[in-house]
Amino acid sequence: MIRAFHPIARGGRGLLLCAIAAEIGALLLFQSVGDRRPAVGVVWLWIAFLPYGVALWWLRHAETVSPLLLATATVALYAAPLAQGPTLDDDLWRYRWDGKVVAAGINPYLHTPEDAALAALRDRGWEQVSFKQVRTLYPPLAESLFAAAYCAGGGRLWPYRGAAIAAHLASIAVLGLLLRGAGHPPGRALLYAWNPLVVKEIADSGHMDSWMVLGLLAALLAYQRGRRPWVAPALAAAIGFKWVPLLTLPVWRHTGYRTLLVAVALTVTLFWPWSDAGWHMVSGLRTFGDYWVFNPGIYWGLRGMLDPILEIATAKLVAKGLCAAAWLAAYAWAVRRQDGRCDSLADTLFVVVGALLLLSPALDPWYLTWVLPLACLCHDRLPTLAWWWLSAGASLSYLYYVDRADVAWGRWVEYVVFAIVWLWEWRRLARRHQTPATR
């Protein structure tokens, strides 16, 4: 038996089981209606946050909780959506297409899906691929995983979703170990594990970001336990699944420059077999950076101020420049206050990745899976509650699929409430950290 959160009173398992069942039911209803009636689907996704809150409330007040019960509830949450979906998302079809291309022995960075050279590979799944004019933006380990999933399932989607869930469940276990090692209740990992948006993005949409998160958390665990040689391969693996951890390498400087050099060398080794594509390996990423705008936060606010007074191209350039400068400033501040402890490293990663999301022109809902595990680790030291609101607020971005148009009011709800909650928690933490002498 383990203690979860703050043991106060003994509660019955029935309430927890009912809450998990209700969350599963709401998510299944989201899947059933989401593609046909996106607005109704979003309502059901929001409703799923109610039993999620009840489950966490019960867990906080439970005297003891069986690990087997918690594990069973978590697996049930992620297994139930596998019968339907993906819903309001088509990334799995791009994964499938890339996997088919790699399985055919073709470098996926050399061709766009609409390239005539790949015409012989086209099938019904190809019709579901969006942005066929853009080369893939996924790193080599992700491409290899796509190929393995394609071969395992004969082109069906379940292996992709199964792989995403497997990595996610492993990351939850690693997060629990990190929390225990930091002196926090390991049950806090369930804040992340049971979050309805996270369940949707992993079990329904099958986003492979879970593999990147697993690599980052594994690197943190190796750092926490003093096993520095394992940090480099974990970081290289994370970069192999998603480009984002590459931006965090300076944050890991306390592991030693030798470790960072090994991480870079391993990353280059992973990329080398695909290097005949040259700069095409990052052309999809460059296109994403140039053109993608979806559910932005601060960037959207800047564009709202700049568009009336500047030409669109100039406003876009200035807004991106200001966001980049703000992110670098946040990066420098976080790195400067870092002191080499694992808690400090987690805090720095949380600030760097969180600022990147808030300042980016594109904040797809599944990007929040990058920062929410870090929020669990930083809860007592930095403002994190606003990010749990953002996980619910980001669901409103799916209203785009009602008529393929921007929903500005949803962003107001999402980001204004985020700012209010963040400021409130920042002031609360500042008061808590005041010493009697400064009062």
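The values are calculated or read from the model by the stated rules, or taken from the named source; none is laboratory data. These numbers come from a predicted model, not from an experiment. Methodologically, a virtual Cβ is constructed for each residue, glycine included, from the backbone with ideal geometry; neighbour enumeration extends over all protein chains shown.
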So, Val351, is that one modelled with pLDDT of 95 or more, in a helix (DSSP H, G or I) and either closer than 22 Å to Ala193 by Cα or of a type in the set (D, E, K, R) (or both) or not? yes
Condition test on Ala375, is it in a helix (DSSP H, G or I), out of contact with any strand residue (DSSP E or B) (no Cβ under 7 Å at 6 or more places or on another chain) and closer than 20 Å to His433 by Cβ? yes
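Residues checked against (1) farther than 26 Å from Ser391 by Cβ; (2) part of a helix (DSSP H, G or I); (3) in contact with a His (Cβ under 6 Å, 6 or more places away or on another chain):
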residue	(1), (2), (3)
Ala236	yes, yes, no
Ile239	no, yes, no
Pro296	no, no, no
Leu317	yes, yes, no
Ala325	yes, yes, no
Considering each of Ala326, Ala332 in turn, give the residue that is surrounded by 14 or more Cβ atoms within 10 Å (Cβ to Cβ) and of a type in the set (Gly, Ala, Ser). Ala326
Go through Gly278, Gly304, Gly215, Gly297 for me and flag whichever is under 30 Å from Gly321 (Cβ atoms), small (Gly, Ala, Ser) and under 19 Å from the mean Cα position of the chain (by Cα). Gly297
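Yes/no matrix, rows are residues, columns are (1) in contact with a Phe, Trp or Tyr (Cβ under 7 Å, 6 or more places away or on another chain); (2) free of Cβ contacts under 8 Å to residues at least 24 places away in the same chain; (3) of a type in the set (Asp, Glu); (4) not assigned by TED's automatic domain parsing to the domain that holds His254:
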| residue | (1), (2), (3), (4) |
| --- | --- |
| Leu306 | no, yes, no, no |
| Ala315 | no, yes, no, no |
| Trp327 | no, no, no, no |
| Trp333 | no, yes, no, no |
| Gly340 | no, no, no, no |
| Leu345 | yes, no, no, no |
Can you name every one of the helices (runs of 4 or more DSSP H) wholly within segment 88-189 that holds 1 or more residues which are in contact with a Cys (Cβ under 8 Å, 6 or more places away or on another chain), over 24 Å from Leu246 (Cβ atoms) and in the same structural domain as Asp204 (by TED's automatic domain parsing)? 91-103, 158-181
In segment 20-70, which residues are under 23 Å from Ala83 (Cβ atoms) and polar (S, T, N, Q)? Gln31, Ser32
Is it the case that some residue within segment 64-84 is more than 27 Å from Ala26 (Cα to Cα) and either over 22 Å from the mean Cα position of the chain (by Cα) or among the charged types (D, E, K, R) (or both)? yes
Just to verify a result, which residue in segment 228-252, among those that are free of Cβ contacts under 8 Å to residues at least 24 places away in the same chain and over 21 Å from Ala170 (Cβ atoms), is nearest to the chain's Cα centre (by Cα)? Leu246
Find the helices (runs of 4 or more DSSP H) located wholly in segment 1-65 whose residues include 3 or more that are at pLDDT below 95, and list them. 13-34, 49-61
Of the residues in segment 109-141, how many are touching a residue at least 40 places away in the same chain (Cβ under 8 Å) and surrounded by 21 or more Cβ atoms within 10 Å (Cβ to Cβ)? 8
In segment 90-104, which residue that is surrounded by 22 or more Cβ atoms within 10 Å (Cβ to Cβ) and not hydrophobic (A, V, I, L, M, F, W, C) is farthest from the chain's Cα centre (by Cα)? Lys100
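Conditions (1) in contact with a strand residue (DSSP E or B) (Cβ under 9 Å, 6 or more places away or on another chain); (2) surrounded by fewer than 24 Cβ atoms within 10 Å (Cβ to Cβ); (3) of a type in the set (S, T, N, Q); (4) within 30 Å of Arg96 (Cα to Cα), marked per residue:
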{"site": "Ala193", "(1), (2), (3), (4)": "no, no, no, yes"}
{"site": "Gly206", "(1), (2), (3), (4)": "no, no, no, yes"}
{"site": "Val213", "(1), (2), (3), (4)": "no, no, no, yes"}
{"site": "Leu216", "(1), (2), (3), (4)": "no, no, no, yes"}
{"site": "Gln224", "(1), (2), (3), (4)": "no, yes, yes, no"}
{"site": "Pro229", "(1), (2), (3), (4)": "no, yes, no, no"}
Among the residues of segment 146-173, the number that are surrounded by 19 or more Cβ atoms within 10 Å (Cβ to Cβ), over 21 Å from Val101 (Cβ atoms) and not hydroxyl-bearing (Ser, Thr, Tyr) is 4
